[in-house]
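The values are calculated or read from the model by the stated rules, or taken from the named source; none is laboratory data. The structure presented is a predicted model; accordingly, all values stated were derived computationally and were not measured. Here the Cβ positions follow ideal geometry from the backbone for every residue, glycine too, while neighbour counts run over all protein chains shown.
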Amino acid sequence: MKKFSLTRNLALAAVGLLLASAPLIAHEGIYKGGMDEKMMDKALSGLDLSSDQRSSLSEARAQHRQAMVAIVEHKEAHLKSLRQKSDGNATDEDLQASLADLKQDMKDTQDQQDIFMAKLEEILTAKQKAKMILDMVDKMKVGKVKE
């Protein structure tokens, strides 16, 4: 099992919230400038990125978006198939196969998010990661104690 630093765990959690909420419950166009793109833009906007970092992030985000579009398309096809099977007289084996397809879609989503997070880790400095995480936590009101 891999050991992750606190910074990486926080970064995964914060950015994961941005990325994980949409892919498997995605609406049409989610990775074509949808809400997740705007949220990521906002999260990165105050980080004082160098031109090299902006270029690297742009490339990483484009690759991530392209991979996620394919995953979402597969997921939608698998959901449609599951709906048709569950409304009909499908066997347990047929339903299990459809559920396995959806489980693979979820794994593919997580794998793609891990790839993107690893690229983000390489691109951002420790200070930039800390600022992004703290800004996101503050905006999401995560970890705040009620008074």
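So which pairs qualify, if the first residue must be in the range 109-120 and in contact (Cβ under 8 Å) with a residue 24 or more places away in the chain, the second must be not aliphatic (A, V, I, L, M), the Cβ gap must be under 6 Å, and the two must be at least 6 apart or on different chains?
T109/P23; F116/H64
Please go through the range 13-41 and pick out each residue that is under 10 Å from the mean Cα position of the chain (by Cα), surrounded by 18 or more Cβ atoms within 10 Å (Cβ to Cβ), modelled with pLDDT under 50 and more than 14 Å from D135 (Cβ to Cβ).
L19, A22, P23
Could you grab me the full set of residues in the range 76-99 that are of a type in the set (G, A, S) and closer than 30 Å to A62 by Cβ?
Within the range 76-99, A77, S81 qualify.
Give the residue that is surrounded by the fewest Cβ atoms within 10 Å (Cβ to Cβ), with candidates limited to residues of the range 42-58 that are under 21 Å from the mean Cα position of the chain (by Cα) and outside any helix (DSSP H, G or I).
This residue is G46.
Mind checking which residues of the range 75-100 are surrounded by fewer than 16 Cβ atoms within 10 Å (Cβ to Cβ) and either within 21 Å of H64 (Cα to Cα) or touching a Pro at 6+ places or on another chain (Cβ under 7 Å) (or both)?
Hits for the range 75-100 are E76, A77.
For A67, which of the numbered conditions (1) in contact (Cβ under 8 Å) with a residue 40 or more places away in the chain; (2) more than 13 Å from the chain's Cα centre (by Cα) fails to hold?
(2)
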